[in-house]
Amino acid sequence: MMRDAEKTIGNLIDKQGVSFTASISEDGFPNMKAMLPPRKRVGIREFYFTTNTSSMRVAQYRKNPNASIYFCDRRFFRGVMLVGHMEVLEDAASKEMIWQEGDTMYYPGGVTDPDYCVLKFTAQSGRYYANFHSESFQIKED
């Protein structure tokens, strides 16, 4: 059992160069996608990602916000899956909050580019795997 889930899982997440997000397709099947790490995280409850407003995933999250995210530490063969809901944010404050220099490579119109949006994932529960053992946990609301 983890002594401090937020610290253990937070450290794992912060060291990964890739994250995986899952949405639900129109026919009810999970769709997994590799993405850059979250631009911002608040504990292990809230995660913020950048993406294209025109993407298939954004359309799927708008129709069904059920989602999961996964982080894997290949070196030590451990990982964490978080389950919750994904919101598509297009307000100026959210977009500015995670904008970084160089993002114009992906969004030429800058922070106001209509094809730039923020995905906010809010976790409800998770499952952690390490040392040939898995454990489920709930995530406390603030």
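The values are calculated or read from the model by the stated rules, or taken from the named source; none is laboratory data. This structure is a prediction, so every number in the text was calculated from the model and none was measured. Glycine gets a Cβ as well: all are built from the backbone with ideal geometry, and neighbour counts include every protein chain shown. All accessible areas refer to the heavy atoms of the entire protein, side chains included, with ligands and DNA or RNA removed. Shrake-Rupley method; radii C 1.70, N 1.55, O 1.52, S 1.80 Å.
Set side by side, the residues 137, 132 differ, and just one is modelled with pLDDT under 95 and in contact with a helix residue (DSSP H, G or I) (Cβ under 7 Å, 6 or more places away or on another chain), which is 137.
Note on region 99-142: among residues that are open to solvent by 80 Å² or more (accessible area, probe 1.4 Å) and hydrophobic (A, V, I, L, M, F, W, C), the one that is farthest from residue 51 (Cα to Cα) is 132. Every test in (1) of a type in the set (A, V, I, L, M, F, W, C); (2) open to solvent by 70 Å² or more (accessible area, probe 1.4 Å); (3) at pLDDT 95 or above is passed by residue 80 save one, and that test is (2).
Residue-wise test of (1) at negative phi; (2) in contact with a Ser or Thr (Cβ under 7 Å, 6 or more places away or on another chain); (3) part of a strand (DSSP E or B).
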site	(1), (2), (3)
47	yes, no, yes
59	yes, no, no
62	yes, no, no
96	yes, no, no
104	yes, no, no
119	yes, yes, yes
125	yes, yes, yes
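Just name the residue that is farthest from residue 140 (Cα to Cα) out of those in region 1-25 that are of a type in the set (Gly, Ala, Ser) and in contact with a Pro (Cβ under 7 Å, 6 or more places away or on another chain). Once the filter is applied, the top-ranked residue is 17. Within region 6-25, residues that are modelled with pLDDT under 95 and open to solvent by 30 Å² or more (accessible area, probe 1.4 Å) sit with their Cβ atoms under 9 Å from residues that are among the hydrophobic types (A, V, I, L, M, F, W, C) and part of a strand (DSSP E or B), at 6+ positions apart or across chains, in these pairs: 8/80; 8/130. Only residues in region 85-98 that are open to solvent by 70 Å² or more (accessible area, probe 1.4 Å) count as the first member; pair them with residues that are not in a strand (DSSP E or B), Cβ under 6 angstrom, at least 6 apart or cross-chain, and list the lot. From residues that are open to solvent by 70 Å² or more (accessible area, probe 1.4 Å), the pairs are 96/111.
For residue 31, the conditions (1) in a strand (DSSP E or B); (2) within 24 Å of residue 116 (Cα to Cα); (3) of a type outside the set (Ser, Thr, Tyr); (4) within 13 Å of the chain's Cα centre (by Cα) all hold with the exception of (4).
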